[in-house]
Amino acid sequence: MTITDTPTASTPTNRRLTTSKAMVEAIAQEMDRDPSVVYLGEDVGAYGGIFSSTTGLLDRFGPTRIIDTPISETAFIGLGIGAAVEGMRPIVELMFADFMGVCLDQIYNHMAKIHFESGGNVAVPMVLTCAVGGGYSDGAQHSQCLWGTFAHLPGMKVVVPSNPADAKGLMTAAIRDDSPVVYMFHKGVMGLPWMAKNARSIGDVPDGEHVVPIGRAAVARAGTDVTIVTVSLSVHHALDVAEKLSGEGIDAEVIDLRSLVPLDREAILASVAKTGRLVVVDEDYLSFGMSGEVVATVVEHDPTVLKAPVQRVAVPDVPIPYAHVLEYAVLPRPERIEAAVRRVVAG
Amino acid sequence: MTITDTPTASTPTNRRLTTSKAMVEAIAQEMDRDPSVVYLGEDVGAYGGIFSSTTGLLDRFGPTRIIDTPISETAFIGLGIGAAVEGMRPIVELMFADFMGVCLDQIYNHMAKIHFESGGNVAVPMVLTCAVGGGYSDGAQHSQCLWGTFAHLPGMKVVVPSNPADAKGLMTAAIRDDSPVVYMFHKGVMGLPWMAKNARSIGDVPDGEHVVPIGRAAVARAGTDVTIVTVSLSVHHALDVAEKLSGEGIDAEVIDLRSLVPLDREAILASVAKTGRLVVVDEDYLSFGMSGEVVATVVEHDPTVLKAPVQRVAVPDVPIPYAHVLEYAVLPRPERIEAAVRRVVAG
Amino acid sequence: MTTHAPSPTSSTSSTGRAGSAGLDPAVRIGLYETMVLSRTYEEAILREYHADKGPGFDIGKGLVPGEMHLSAGQEPVAAGVCAHLTTDDAVTATHRPHHFAVAHGMDLHRMTAEIFGRETGLGRGRGGHMHLFDPATHFSCSGIIAEGYPPALGQAFAFSRRDTDQIAVAVTGEGAANQGAFHESLNLAARWTLPVVFVVEDNDWAISVPRDVATAIPSNADRAAAYGIPGERIEDNDVEAVYDAAQRAVARARAGDGPSLIEVHTLRMWGHFEGDAQGYRPELAEVPEHDPIPRYERLLRDAGVLDEDAVSRIRATASERVEDAIAFAKNSPLPDAATATSYVFA
Amino acid sequence: MTTHAPSPTSSTSSTGRAGSAGLDPAVRIGLYETMVLSRTYEEAILREYHADKGPGFDIGKGLVPGEMHLSAGQEPVAAGVCAHLTTDDAVTATHRPHHFAVAHGMDLHRMTAEIFGRETGLGRGRGGHMHLFDPATHFSCSGIIAEGYPPALGQAFAFSRRDTDQIAVAVTGEGAANQGAFHESLNLAARWTLPVVFVVEDNDWAISVPRDVATAIPSNADRAAAYGIPGERIEDNDVEAVYDAAQRAVARARAGDGPSLIEVHTLRMWGHFEGDAQGYRPELAEVPEHDPIPRYERLLRDAGVLDEDAVSRIRATASERVEDAIAFAKNSPLPDAATATSYVFA
Ligand SMILES: Cc1ncc(C[n+]2csc(CCOP(=O)(O)OP(=O)(O)O)c2C)c(N)n1
Ligand SMILES: Cc1ncc(C[n+]2csc(CCOP(=O)(O)OP(=O)(O)O)c2C)c(N)n1
Ligand SMILES: [Mg+2]
Ligand SMILES: [Mg+2]
């Protein structure tokens, strides 16, 4: 009954972990491996991360490596950049992606551009983590996904795990990557005890070292009739819809992009080539974002593969409303996904 | 031979104006009409705006209405918001769109969201102006267009004039709009004496009141074989390419979107329905931006109108390089546009 | 325009103080009333918030879903400051806005309806408790740390352009004082002599991060010198000291002499947000005994300004107003899902 | 590691001063040499920049296209500060970086090649003059106002984690001191006792905006108090006073005692960028007579530290080094357009 998560006392024997615990496991393993890894951010120490991104790490690694910061995102993200330039591998948490507006310059004009501006002579091996997403009435400034914004701006990789195993594997890959990686975790997939969650926010997680390559999508469900391309929490909604519709003979393939940058365009093309029908589901804003990019990927390759108009299910260019009924009306909930799949199959 | 532009001493009798003079004319006319209009920003007073966005206005309206600010974008954009909330109509200049990173929170979480969060009870009638674009070796932090980023985030209109008449008409409309409007002017269309410019950066401008409705695209050139959808400086490159190719019997239609938000989807659909071939030209970054949105607009309506794979000509997800040869390699220069048109016509 | 706190009456001093005997009784009662109303309000919100989060605790469930940041313990700040304001003055609050909203005289019905996400709410249910916008009281707030300061400058700018004596009060927590917007706002307001009163609520904590872990100096009031404006720190959550300091700052702003900074050492009695178990907080057990309301009540009783009857009456009135507002909210219609995309553009 | 300024030798005082007679001659000559090298460098860049911008002035044309922010007149700041650094220390400069790059011992060939956009440049021509990144001297810069400060903290953080005595110097202009990043960086560096020296170059102007129009107080050094760190303002563009102040600040940082802030009242001799006619600048005519280099030269001649011969030698050496670098740049290959999308990811 508390938002504060409790650390796992001992190594779990059951390898089914929540997404947050899988993420923490990857961080801990890499911190063990590499003393240059530190984790900085607001409330990442004693609190363990508002969304349990660092639960237990302070006890394990102490305050010199798990470091609470002032509410000075520009300063401490910049600090991460400078430390990375000098060869450390900092992980820096921006508590909510929504707060990018106070520190985007460090992120997009510095973290993401220094390597290029230096002609490849300076690397910035840092990870920027942030929570994303809505669905629990946190209002217009605390519910955004914004991955389209990060993915639009060049020089940073962007990963968006949807499940515990990928959360671990992508975190490991992100920490080891020599480029800056933005790691966006949806609150609704973290498996938090105090928030509604999809059943898949707890799952099997490989023991020991586990790396998921950045830039590789996963076929979350194979199917033949329609391709649903999506990421993060929406993967689960898409899977739920696919299960439901399979009973009616509609066999949907669900592609979990996992990374937006680099984008696995081959995976998208391969699936749509097979199904000829495309639904893109995106919890970020509809226009000028991920959904358009996925669609363009297909039709700049070959528009004739499409047997019907594509369907986009996203937040319809409106701030996220507070009231539950309004919020659920704009989020890509299963009902909207199902309707889109039916339309594209009928069309 | 100076970057500082000189004010026009008297009212021009020749109604051919540069884009910057047309923009200034609109501001001056609205300031005459409405005492609540003020213009705030860095170097907008004695300097007249680094890109001549306010030339002569200080002399005419004095320092209480044309106001130089400290380099505190968060503070002075926020100040604009608060003043707008109290019924003023401030125009606030962010010198380069590239600087959005130090003040995006005020822009996207406040300016753009207050009206919605207030359930329509509070209006924020302000204009945020900024210079965009490259082509003169100003490097990775001073050459970006970024309109895709602004257009992705809901609650602000986004206009991007390409020529003097639209610069005037869209500025008038923006000032009178009860919603926040981001007005992005490309340095290369301003008609500055110290920068290479397209011939069309000087043009006929209607006298007196001139309003271009926000959200309405223009057919910059009618054609039947291929549609080139673009904005801002690229409109001129597209027109140049269209002229050239018309000699070879390729008749291109050029759509100048003028507004990104609201996006004139009908204009795009109507043109592509006619031509069946689409090239999108975008000086912003390729992925997760405008080009994808334009493409998706077509194929979520009807993919069968496309007779060939669409072509996107944009900055290929790389920071803008400094060296001229590299910068021109990544910008959507006429050569790249021409090649894309040839491909789509052949395809 | 509504005056929402009894103003000093025939006080012999210009500070609202009745000589050396302390503040005017009417002012004191007003301060007490405001604090009681605010606390009563939040206790009711607390009750409603937790009423239906179960089984377990699901933050997205119930009549009042989402994050809930309550201000219990910080009432002296809002009461002491807003006593000098009318509803023509602007107040910009934070993610923890209720005490300022109440003290500034916001309509409790529409405020509560907003918190309950109803169509009758200030924002028709679009905003929620961190986004209370009320043109009638020039009230607004923001969930982004320190980013409420800049718009307050603009309200002050508009006021001074119109030659009114309206002012803007901008509030943040002590954690927010390390955010860039704080600095930019103070410099700009100072340089342009804007009628703003900057208020910092130092409740020792920014979620789980203690002020001394985050802030390089003990008092943010000392930061006023970086902008050449008066800075004052009030210790001990003392509502009357806040009242006095705010009186000076408000008078200065109204007189056109520019901004001031007031930091109040106050107390976050409850969690950062509801659900916060505060395991990080060593002094947790001692918190209740520092509750400023019983303490002030004792002081006023001892001074003969309040008696049992008056206290009961004040509490009963507060309770009635609050329950009335809660009932209004509960009886109000939910927004229609079909209107979810309305109000993006004016 | 290279020591790039003669360090104080057998000075009797710990400040590099030879008793009351002033600084050690070797130090003084070093300061002078650095300033002359920097000025010589910028005069050459100025020449090359304008050589082929015509007909008229097209900013995008020529061997050195784009904005060009030169630092002539501000050499005392860079010379005085960098005299205490080795190339193991970090320097983060601004859009106006050349004097610090030169004073910090950056390789002139690769720096110049970068400014000329050549493949042999520090950034293979990708960066340009506002984006000089040199791992060999831990040098970097940024074109975004005040946003160079935060990464400097990280370099300092890494240094202190490794228990070296390396430090980071972070530079901005006085205009930048009103940007949020300035405030956040000073607080964080102070609170974490990071080995940073913050330098503010007050050249009276932020493009066309005078410091007093933008900044609420006369000296940014007074802002140090807002972070509990030492702050010092050097008047009159005095290179030796800068040297002294920097010595204290650098020693403090190296000793692990944390950051300091130094503001130097300096002089922007030329336009904000090339092409700036400076019509907004009333004192323009008097600028040349305040040139700090002839003034320091006179002082050293009068003190018998320099004579005609030495001056000529120093100038000739500077000129030779600079022209050599320019020639290197001009003779270097341009980047290959086919590689325009390289180096986005490591
Ligand atoms: C820019 C930004 N960073 C972080 C947060 C998350 N956050 C919300 S409240 C809070 C603590 C604020 O502390 P303080 O300013 O002292 O106010 P208090 O909560 O104590 O009233 C934080 C870090 C935020 N909302 N905005
Ligand atoms: C965040 C941001 N705002 C505005 C600018 C544009 N700009 C470049 S230099 C400059 C003036 C800087 O003044 P100052 O800090 O005093 O440095 P100086 O140029 O005098 O060396 C401005 C406004 C910028 N680069 N970044
Ligand atoms: Mg606090
Ligand atoms: Mg300056």
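Numerical summary
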| quantity | calculated |
| --- | --- |
| Test for B:VAL241: is it touching a strand residue (DSSP E or B) at 6+ places or on another chain (Cβ under 8 Å), modelled with pLDDT of 95 or more and over 23 Å from B:PHE51 (Cβ atoms) | yes |
| Matching entry among D:ALA189, D:ALA168, D:ALA156, D:ALA152 (being within 16 Å of ligand 2 (Cβ to nearest atom) and under 22 Å from the mean Cα position of the chain (by Cα)) | D:ALA152 |
| Per-region count, the stretch A:303-346, residues in a loop (DSSP other than H, G, I, E, B), more than 9 Å from chain C (Cβ to nearest Cβ) and touching a strand residue (DSSP E or B) at 6+ places or on another chain (Cβ under 8 Å) | 4 |
| Positions within the stretch D:324-346 being closer than 20 Å to D:VAL102 by Cα and surrounded by fewer than 13 Cβ atoms within 10 Å (Cβ to Cβ), in sequence order | D:ALA327 |
| D:GLN166 being in contact with a strand residue (DSSP E or B) (Cβ under 9 Å, 6 or more places away or on another chain), closer than 30 Å to C:ALA226 by Cβ and either within 16 Å of ligand 4 (Cβ to nearest atom) or within 14 Å of chain C (Cβ to nearest Cβ) (or both) | no |
| Test: A:THR69 is in contact with a Phe, Trp or Tyr (Cβ under 6 Å, 6 or more places away or on another chain), closer than 17 Å to D:LEU186 by Cα, more than 16 Å from ligand 4 (Cβ to nearest atom) and of a type outside the set (Gly, Ala, Ser) | yes |
| Answer from B:VAL211, B:VAL231, B:VAL181 - the residue that is within 13 Å of the chain's Cα centre (by Cα) and either surrounded by fewer than 20 Cβ atoms within 10 Å (Cβ to Cβ) or within 14 Å of chain C (Cβ to nearest Cβ) (or both) | B:VAL181 |
| Inter-residue pairs, beta-carbon under 6 Å, first on the phi < 0 side of the Ramachandran plot and within 14 Å of chain A (Cβ to nearest Cβ) and in the stretch C:271-298, second part of a helix (DSSP H, G or I) and surrounded by 20 or more Cβ atoms within 10 Å (Cβ to Cβ), 6+ apart | C:GLU274/C:TYR49 |
| Residue check for B:ALA252: under 26 Å from B:TYR183 (Cβ atoms) and more than 8 Å from every other protein chain (Cβ to nearest Cβ) | no |
| Breaking point among (1) surrounded by 18 or more Cβ atoms within 10 Å (Cβ to Cβ); (2) under 23 Å from the mean Cα position of the chain (by Cα), for D:TYR280 | (2) |
| So B:VAL205, is it touching a helix residue (DSSP H, G or I) at 6+ places or on another chain (Cβ under 9 Å), at pLDDT 95 or above and not assigned by TED's automatic domain parsing to the domain that holds B:LEU170 | no |
| Lone qualifier among C:ASN178, C:ASN237 - being within 29 Å of A:LEU94 (Cα to Cα) and in contact with a Pro (Cβ under 6 Å, 6 or more places away or on another chain) | C:ASN178 |
| Filtered residues of the stretch C:161-217 (kept if of a type in the set (D, E, K, R) and within 11 Å of ligand 3 (Cβ to nearest atom)) | C:GLU174, C:GLU201, C:ASP202, C:ASP204, C:ARG211 |
| Counted residues, the stretch A:299-328 - those being within 22 Å of the chain's Cα centre (by Cα) and either among the small types (Gly, Ala, Ser) or under 19 Å from C:GLY117 (Cα atoms) (or both) | 7 |
| Among the residues listed as C:ARG313, C:ARG233, C:ARG268, the single one being charged (D, E, K, R) and crowded, with 20+ Cβ neighbours inside 10 Å | C:ARG268 |
| Only listed residue being free of Cβ contacts under 8 Å to residues at least 40 places away in the same chain and within 14 Å of another protein chain (Cβ to nearest Cβ), chosen from C:VAL311, C:VAL344 | C:VAL344 |
| Members of the stretch B:304-321 found to be within 20 Å of B:ASP264 (Cα to Cα) and surrounded by fewer than 21 Cβ atoms within 10 Å (Cβ to Cβ), listed by number | B:VAL305 |
| Every pair of residues 6+ apart whose Cβ atoms lie under 7 Å, when the first sits in the stretch A:87-104 and is without any contact (Cβ under 8 Å) to a residue 40 or more places away in the chain while the second is in a strand (DSSP E or B) | A:CYS103/A:LEU94 |
| Single condition A:ASP166 does not satisfy, out of (1) away from chain C (no Cβ under 13 Å); (2) among the acidic types (Asp, Glu); (3) assigned to a loop (DSSP other than H, G, I, E, B) | (3) |
| Close pairs from the stretch A:146-159: first more than 7 Å from chain B (Cβ to nearest Cβ), partner assigned to a strand (DSSP E or B) and of a type in the set (S, T, N, Q), Cβ under 7 Å, at least 6 apart | A:LYS157/A:SER259; A:VAL158/A:SER259; A:VAL159/A:SER259 |
| Within the stretch A:1-110, helices (runs of 4 or more DSSP H) holding 2 or more residues that are more than 25 Å from A:THR149 (Cα to Cα) and at pLDDT 95 or above | A:19-33, A:57-61 |
| Residue tally, condition among the acidic types (Asp, Glu) and within 12 Å of the chain's Cα centre (by Cα), over the stretch C:68-90 | 1 |
| Criterion (among the small types (Gly, Ala, Ser) and facing chain C (nearest Cβ under 8 Å)) met by exactly one of B:GLY101, B:GLY78 | B:GLY78 |
| Filtered residues of the stretch B:277-301 (kept if in contact (Cβ under 8 Å) with a residue 40 or more places away in the chain and of a type outside the set (A, V, I, L, M, F, W, C)) | B:ARG277, B:ASP282, B:GLU283, B:ASP284, B:TYR285, B:GLY289, B:GLU293 |
| Filter pass, B:VAL295 being touching a strand residue (DSSP E or B) at 6+ places or on another chain (Cβ under 9 Å), at negative phi, crowded, with 24+ Cβ neighbours inside 10 Å and within 7 Å of another protein chain (Cβ to nearest Cβ) | yes |
| Residue among B:LEU260, B:LEU286, B:LEU269 that is of a type in the set (A, V, I, L, M, F, W, C), surrounded by 24 or more Cβ atoms within 10 Å (Cβ to Cβ) and within 25 Å of B:LEU170 (Cβ to Cβ) | B:LEU260 |
| Tally of residues being aliphatic (A, V, I, L, M) and within 23 Å of C:SER71 (Cα to Cα) across the stretch C:287-346 | 13 |
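Listed here are the residues, each with its yes/no results for (1) more than 16 Å from ligand 4 (Cβ to nearest atom); (2) out of contact with any helix residue (DSSP H, G or I) (no Cβ under 6 Å at 6 or more places or on another chain).
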{"site": "D:ALA136", "(1), (2)": "yes, yes"}
{"site": "D:CYS141", "(1), (2)": "no, yes"}
{"site": "D:GLU147", "(1), (2)": "no, no"}
{"site": "D:SER160", "(1), (2)": "yes, yes"}
{"site": "D:GLY180", "(1), (2)": "yes, no"}
{"site": "D:GLU184", "(1), (2)": "yes, no"}
{"site": "D:ASN187", "(1), (2)": "yes, no"}
{"site": "D:TRP192", "(1), (2)": "yes, yes"}
{"site": "D:VAL196", "(1), (2)": "yes, no"}
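The values are calculated or read from the model by the stated rules, or taken from the named source; none is laboratory data. Predicted model, so just to flag it, every value in this text is computed and none were measured. Counting neighbours? That spans all protein chains shown, and the Cβs are built from the backbone with ideal geometry, glycine included.
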